[in-house]
Amino acid sequence: MIETSRGPQTALKYEVEVLEEGRVELQVPFPAGAQVIVFVIKESADTFDDLLSAAQSSLDFWDNPFDDEDWNNA
């Protein structure tokens, strides 16, 4: 197996609309013929769903009777 060592890479983010026949077009700052890797992720309808879910899921941490007892007696 050949191992390659790469330095830090810059990620670019583009917000584009899918065209007819599922095509996506964008201009990139690389020369013609450059090899690139493309990840495609569908944008959710509500961009704050993930943040809201994370905030709500971590509220149980604060609802802790042992912690309440310690802080109430501090």
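The modelled label-to-label distance between LEU12 and ALA54, using points 7 Å beyond Cα along the C-beta direction, is 2.6 nm. Mind sorting out which of (1) 18.3; (2) 12.3; (3) 16.3 is the real Kirkwood radius over Cα pairs in Å computed from the coordinates? After the calculation, the listed value that fits is (1).
The numbers here are math on the coordinates, done by the rules we state, and not lab data. Predicted model, so just to flag it, every value in this text is computed and none were measured. FYI the Cβ positions are ideal-geometry reconstructions off the backbone, even for glycines, and counts take in every protein chain you see.
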